[in-house]
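Asker: So that we are looking at the same thing, I have put the structure below in structure tokens.
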Amino acid sequence: MSSTAIDKLPHYYLNLRELVKLTKTPQKKLLKQLQSHGELYALPANQYGIPATVMRQYLQKRGVKFDFQVIAHANLRGGIGKTTSTVSLASRAVEYGYKTCVLDLDPQASASLALGVEASEEDALFYDLWQQPKAVPSALKQVDELLYLLPSSLDNSLLDAALQRPGDQKKAVAAACQVLKEQGFDLVIIDCPPTLGTAVISSVCAADKLVIPLANDAFSFRGLALTLGEVEAICEAFQIQSPVLHSLLVKVDKRETLSKQALETLAGNYAEYQLPFYIRTSTIYSKMLSEGKTIFANSKNDIAHQDYDRYTRHLLNIDLG
């Protein structure tokens, strides 16, 4: 096994024990399969961590395609899990071997802070780079082995004044994503601001998939309806194909009447967008965000890990069955 010291390990790697549960494969058999692709990390208690490169080769052998895609999280209502979904998807994707970039377009910079990055005055933001997309890679912050971030700050609130021409709105985010694709990234995940500004418009034009997180309150569902309507209007105005649209119900506690009602409303009114699962409520989200970490920087396998792992595998078409 690899002699990599524990304090030098990347933050994000899959634990062999977890993959055993996900694949329902005996550990000895799985260990042999993985070792054929490279060395594993030696962990305490005779456990092993799976490097991203090994995990990628393992998944490719199982038929998983690492085709480039752009996924955006948006809802015109704030505080309903956009940032948590963005950084959880990104960090889990990295553990599955995807070279991933988080594009933080929210002036509140919640995704940047959740990844432990606070932009300085010298750091280039999307506001500074949208006219020169080839400069985007040099402005990225490397968070982990395969995880990168274009940070945000309040300066990104000036995008509405900068991106006034429809042609610029259509191309700005898409051009940056194209450059990232050319640089070898597999995945770009966008954290959009909770407003219908030019950052959201441009993200819709760039996204392959757009996920609308929502909680179990009336304001969230109003935000879902407005966001769906605006996406349709944007795509019609620019004469582009709509991204694949999904709704993701978060903070679910099925013991609560409101959660049950929310699930019924989605099934009744938004069945074509509803993902076949939801994110259960957990205190770990606020705890980890306050520490500038994501839930997958914590090795504990709780409901938060399980739900966002399912979410990641669904969006990226990772079949471990």
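The values are calculated or read from the model by the stated rules, or taken from the named source; none is laboratory data. Remember, it's a predicted structure, so these values are computed and weren't measured experimentally. Positions of Cβ are generated from backbone atoms using ideal geometry, with glycine treated the same way; all protein chains shown enter the neighbour counts.
Asker: Please specify each residue of the stretch 160-195 satisfying the condition of being more than 19 Å from residue 209 (Cα to Cα) and crowded, with 22+ Cβ neighbours inside 10 Å.
Answerer: 163
Asker: Can you pull out every residue in the stretch 261-271 that is farther than 17 Å from residue 213 by Cβ and in a loop (DSSP other than H, G, I, E, B)?
Answerer: 271 - this is the single residue of the stretch 261-271 that is farther than 17 Å from residue 213 by Cβ and in a loop (DSSP other than H, G, I, E, B).
Asker: May I ask you to verify whether residue 71 is under 26 Å from residue 15 (Cα atoms) and touching an Asp or Glu at 6+ places or on another chain (Cβ under 9 Å)?
Answerer: yes
Asker: Among the numbered criteria (1) under 18 Å from residue 82 (Cβ atoms); (2) modelled with pLDDT of 95 or more, which one does residue 178 miss?
Answerer: Residue 178 satisfies every listed condition except (1).
Asker: Could you tell me which residue of the stretch 240-255 is farthest from residue 274 (Cα to Cα), considering only residues that are in contact with a strand residue (DSSP E or B) (Cβ under 7 Å, 6 or more places away or on another chain) and among the hydrophobic types (A, V, I, L, M, F, W, C)?
Answerer: Of everything passing the filter in the stretch 240-255, 252 is farthest from residue 274 (Cα to Cα).
Asker: So, in the stretch 271-304, how many residues would count as being over 14 Å from residue 81 (Cβ atoms) and either among the aliphatic types (A, V, I, L, M) or in contact (Cβ under 8 Å) with a residue 60 or more places away in the chain (or both)?
Answerer: 9
Asker: Within the set of pairs 6+ apart or on separate chains, which have a first residue in the stretch 34-47 that is closer than 20 Å to residue 23 by Cα, a second that is of a type in the set (Phe, Trp, Tyr) and surrounded by 14 or more Cβ atoms within 10 Å (Cβ to Cβ), and C-beta atoms under 7 Å apart?
Answerer: 34/58; 37/58; 40/48; 41/13; 41/48
Asker: Given 245, 289, which one is touching a helix residue (DSSP H, G or I) at 6+ places or on another chain (Cβ under 6 Å) and aliphatic (A, V, I, L, M)?
Answerer: 289
Asker: Residues that are among the basic types (Lys, Arg): find the helices (runs of 4 or more DSSP H) completely inside the stretch 26-129 holding 1 or more of those.
Answerer: Here the list reads 27-35, 52-61, 82-95.
Asker: In the set 254, 300, which member is touching a Lys or Arg at 6+ places or on another chain (Cβ under 7 Å) and outside any helix (DSSP H, G or I)?
Answerer: Step by step, each of 254, 300 is checked, and only 254 is touching a Lys or Arg at 6+ places or on another chain (Cβ under 7 Å) and outside any helix (DSSP H, G or I).
Asker: Can you work out which of the residues in the stretch 278-293 that are among the small types (Gly, Ala, Ser) and surrounded by fewer than 17 Cβ atoms within 10 Å (Cβ to Cβ) is nearest to residue 11 (Cα to Cα)?
Answerer: Out of the qualifying residues, it is 292.
Asker: Does residue 317 fit the bill of being surrounded by fewer than 17 Cβ atoms within 10 Å (Cβ to Cβ), modelled with pLDDT of 95 or more and part of a loop (DSSP other than H, G, I, E, B)?
Answerer: Taking the combined requirement at face value, the residue satisfies it.
Asker: Given the structure, is residue 240 touching a residue at least 24 places away in the same chain (Cβ under 8 Å), aliphatic (A, V, I, L, M) and not in a helix (DSSP H, G or I)?
Answerer: yes
Asker: With respect to the numbered conditions (1) under 18 Å from the mean Cα position of the chain (by Cα); (2) of a type in the set (D, E, K, R); (3) loosely packed, with under 13 Cβ neighbours inside 10 Å, which one is the sole condition not fulfilled by residue 264?
Answerer: (1)
Asker: If I ask for residues that are at pLDDT 95 or above and surrounded by fewer than 19 Cβ atoms within 10 Å (Cβ to Cβ), which ones from the stretch 206-220 would you list?
Answerer: 208, 209 - these are the residues of the stretch 206-220 that are at pLDDT 95 or above and surrounded by fewer than 19 Cβ atoms within 10 Å (Cβ to Cβ).
Asker: Checking the structure you have, find out if any residue of the stretch 281-293 is over 26 Å from residue 227 (Cα atoms), assigned to a loop (DSSP other than H, G, I, E, B) and of a type in the set (Val, Ile, Thr).
Answerer: yes
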